[in-house]
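The values are calculated or read from the model by the stated rules, or taken from the named source; none is laboratory data. This one's a predicted model, so the numbers in the text were calculated from it and none came from an experiment. For neighbour counting, all protein chains shown are included, and Cβ atoms are generated from backbone atoms with ideal geometry for every residue, glycine included.
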Amino acid sequence: MSPQTTPHNPQDEAMMPSLIFNEYGRDDVSNRSIIKGNTTGLFNLNAVKYSWAKSMYQVMIGNFWVPEKVSGLKDDARMFREMLTPAEQRAYKGVISFLTFLDSIQTVNLPHLSDYITSPEVNLILSIQAYQEAIHSQSYATIIESVVDSDERDDIYYFWREDPVLLKRNRYIGQIYQDFLDESSDANFFRAMVANYLLEGLYFYNGFALFDTFVDALKMPATGRMIAYIRRDELTHVVIFSNIIKEIRKEFPEMYDEKLIHEMFEEAVRQEIAWGHHILGDDIVGISRETTTDYTRWLANERLERLGVAPLYPDTIVNPYKHLERLQDPNTDRGNFFESTVINYTQSSSLKGSWDF
């Protein structure tokens, strides 16, 4: 059969990672693209095409923090033993297990994806993101080591070995990333971008809501502060991947697949609700299966709106967790930071000189 008899599908093509040094590359802005560009490999940041990346750099550098600076985990350890119910203790440990997995896989996977990004300003902020994900993993380790008994720590890290619901979730996102590593096609790359957006924008947040609920009930405040810092970082990551997806839509419309976005969001919502019902249930004051369902669907609509995509759940228009709004305070570490503009939360008052041109 002649090759011409088979329709050409550009999404079947293999993508190529950027060369470490390409002497024939061009770094001028007019030749720059989010992917598939012809870059030299040098970080020429004197001119940028994607101004949003410059803005995100300023925010992410200003958000620098380390878990060792968060005090009070010894008090949380006492509260964990004396104030949390068995259902709350199980939820605390299960959520920490899932969050640890998410940030672990991001730390490892982001450099692979960055190899295919051909904008130095975007590569720069992805490098900062990878560092932040590693800080988050260390933060969860600090929480585990400080709050729970030593003989329970491995049970938390490897909770998925005994819990089929969590194992299914971990397999789903892990396989999407692995598929792109195994076959770097356009389609697999775009799917990995959407998976990153879902991970950063949807998968964390029922877990975050649990810790907000504890804080609202005057429980586990140090854990809540740590999670607030982590959430603040994750919201910058939401912005990064939403912008990458929108740039792909603009520059490589043949790769953009809105039907796939809807399908992946539907599956992610289904899994997030199933996990929330499983690990949170109806046994925690302030959280129920109904609020988990409504919150997940509401959040999915919000994330789709950021992409300029129609909502999946048009009848779900209200965040059921009013205590998130009560906790929202941009001037304190206790703040929820949830749906506020991320740029408000830099720790330094000015970053002039760091990338000022």
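Can you list residue pairs whose Cβ atoms sit under 8 Å apart, with the first residue in segment 277-288 being closer than 15 Å to L218 by Cα and the second being small (G, A, S) and surrounded by fewer than 17 Cβ atoms within 10 Å (Cβ to Cβ)? Count only pairs 6 or more apart in sequence or on different chains. Taking only residues 6 or more apart or on different chains, the pairs are I284/A87; V285/A217; G286/A217.
May I ask you to verify whether I143 is crowded, with 22+ Cβ neighbours inside 10 Å, touching a residue at least 60 places away in the same chain (Cβ under 8 Å) and not small (G, A, S)? Judged against the criteria, I143 is a match. Scanning for something closer than 22 Å to F180 by Cα, within 28 Å of the chain's Cα centre (by Cα) and not β-branched (V, I, T), does segment 22-34 turn up at least one residue? For segment 22-34, residues closer than 22 Å to F180 by Cα, within 28 Å of the chain's Cα centre (by Cα) and not β-branched (V, I, T): present.
Hey, does segment 115-125 have a residue that's of a type in the set (F, W, Y), touching a residue at least 60 places away in the same chain (Cβ under 8 Å) and not in a helix (DSSP H, G or I)? Within segment 115-125, one or more residues are of a type in the set (F, W, Y), touching a residue at least 60 places away in the same chain (Cβ under 8 Å) and not in a helix (DSSP H, G or I). Tell me, which residue of segment 34-53 that is in contact with a helix residue (DSSP H, G or I) (Cβ under 6 Å, 6 or more places away or on another chain) and crowded, with 18+ Cβ neighbours inside 10 Å is modelled with the lowest pLDDT? Only one residue fits best here, namely V48. Restricting attention to segment 50-62, does a residue exist that is basic (K, R) and farther than 30 Å from R225 by Cβ? No: zero hits.
Kindly indicate whether L327 is at pLDDT below 95 and crowded, with 17+ Cβ neighbours inside 10 Å. In short, yes.
Conditions tested, residue by residue: (1) over 30 Å from E68 (Cβ atoms); (2) in contact with a Lys or Arg (Cβ under 9 Å, 6 or more places away or on another chain); (3) buried (at least 22 other Cβ atoms within 10 Å of the Cβ).
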residue: I176; (1), (2), (3): yes, yes, no
residue: F180; (1), (2), (3): yes, yes, yes
residue: E183; (1), (2), (3): yes, no, no
residue: A195; (1), (2), (3): yes, no, yes
residue: L199; (1), (2), (3): no, no, yes
residue: F214; (1), (2), (3): no, no, yes
residue: P221; (1), (2), (3): no, yes, no
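Testing A77 on (1) surrounded by fewer than 20 Cβ atoms within 10 Å (Cβ to Cβ); (2) among the aliphatic types (A, V, I, L, M); (3) not in a helix (DSSP H, G or I), one condition comes back false. Which one is that? That leaves (3) as the condition not met.
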